[in-house]
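One structure is given here, and the rest of the page talks about it.
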Amino acid sequence: DTGVSQDPRHKITKRGQNVTFRCDPISEHNRLYWYRQTLGQGPEFLTYFQNEAQLEKSRLLSDRFSAERPKGSFSTLEIQRTEQGDSAMYLCASSSFDPSGNTIYFGEGSWLTVV
Amino acid sequence: AQSVAQPEDQVNVAEGNPLTVKCTYSVSGNPYLFWYVQYPNRGLQFLLKYITGDNLVKGSYGFEAEFNKSQTSFHLKKPSALVSDSALYFCAVRDDGTGRRALTFGSGTRLQVQP
């Protein structure tokens, strides 16, 4: 069990550029989540996949944001035309189908700084 | 709607003393409750969860939490604090009655354990 892996860990980009983050969940976890965390705040839910299906999307996920999980394994989160307000840590998490309550395990996060 | 409140931004405790980090929640159905810990520039680590059953839940690193339905609380406790427990602690809730998978997190409580 290698844990949730995220890449890159840090990204600095100029305003207006596109960025993409990748997440590899714990193997055999069929559920995958993206959260965003800004300084001094708790994580905020962005979106949720069960296998390759995107089943939940937050209103925080504007049309500049898109997430995919094409084969039900890894996922990508793309932000188009980045804005300074997008600067945050983007957290990926995964869970299995677990009748005891679906514990969600988080990765180390991907820091985005938009300058 | 589901929500979580962590009323204390920071808790200070001396090493060896008991600690409590407070959390209250609001859901319309049955709550799934979680505690996570975050060290600087890291992702979130799962500590413990309450789904059903015994109101006292034991978790990692000697932490425990008590579910109180009448007070809608889920306070995190440890009998004897360590300096290494100093970190940011997040309470999270999911309403089992909604069918949604998203966790809602509190704003976090910084625990400072003094030697």
Of all residues in the stretch B:42-81 being assigned to a loop (DSSP other than H, G, I, E, B) and in contact (Cβ under 8 Å) with a residue 60 or more places away in the chain, the one that is farthest from the other protein chains (Cβ to nearest Cβ): B:Ser80
Scope the stretch B:93-113; condition in a strand (DSSP E or B), among the hydrophobic types (A, V, I, L, M, F, W, C) and at the interface with chain A (Cβ under 8 Å from one of its Cβ atoms); matching residues: B:Phe105
Output for the stretch A:22-43, where each listed residue is more than 14 Å from chain B (Cβ to nearest Cβ) and in a strand (DSSP E or B): A:Arg22
Any hit, the stretch A:21-38, residues being more than 17 Å from A:Thr103 (Cβ to Cβ), among the basic types (Lys, Arg), buried (at least 19 other Cβ atoms within 10 Å of the Cβ) and in contact with an Asp or Glu (Cβ under 9 Å, 6 or more places away or on another chain): yes
Filter result (part of a strand (DSSP E or B), within 11 Å of the chain's Cα centre (by Cα) and buried (at least 20 other Cβ atoms within 10 Å of the Cβ)) within the stretch B:5-36: B:Val21, B:Tyr25, B:Leu33, B:Phe34, B:Trp35, B:Tyr36
Residue in the stretch A:44-58 that is within 12 Å of chain B (Cβ to nearest Cβ), under 17 Å from A:Asp86 (Cβ atoms) and either touching a helix residue (DSSP H, G or I) at 6+ places or on another chain (Cβ under 6 Å) or β-branched (Val, Ile, Thr) (or both) present: yes
Residue count for the stretch A:61-81, restricted to those that are under 13 Å from the mean Cα position of the chain (by Cα) and under 18 Å from A:Asn18 (Cβ atoms): 10
Which numbered condition B:Ser28 fails, given (1) under 24 Å from A:Arg31 (Cβ atoms); (2) within 14 Å of chain A (Cβ to nearest Cβ): (2)
Total residues in the stretch A:67-102, condition in a loop (DSSP other than H, G, I, E, B), at the interface with chain B (Cβ under 10 Å from one of its Cβ atoms) and crowded, with 16+ Cβ neighbours inside 10 Å: 2
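Each row is one residue, and each column tells you yes or no for (1) over 20 Å from A:Asp98 (Cβ atoms); (2) of a type outside the set (S, T, N, Q); (3) modelled with pLDDT under 95.
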{"site": "B:Asp54", "(1), (2), (3)": "no, yes, yes"}
{"site": "B:Ala65", "(1), (2), (3)": "no, yes, no"}
{"site": "B:Phe74", "(1), (2), (3)": "no, yes, no"}
{"site": "B:Ala92", "(1), (2), (3)": "no, yes, no"}
{"site": "B:Asp95", "(1), (2), (3)": "no, yes, yes"}
{"site": "B:Leu103", "(1), (2), (3)": "no, yes, yes"}
{"site": "B:Ser107", "(1), (2), (3)": "yes, no, no"}
Identity of the residue in the stretch A:103-115, within 14 Å of chain B (Cβ to nearest Cβ) and β-branched (Val, Ile, Thr), that ends up surrounded by the fewest Cβ atoms within 10 Å (Cβ to Cβ): A:Thr113
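The values are calculated or read from the model by the stated rules, or taken from the named source; none is laboratory data. Values in this document were obtained by computation on a predicted structure and should not be read as measured data. In this analysis, Cβ positions are derived from the backbone assuming ideal geometry, glycine residues included, and neighbour counts consider all displayed protein chains.
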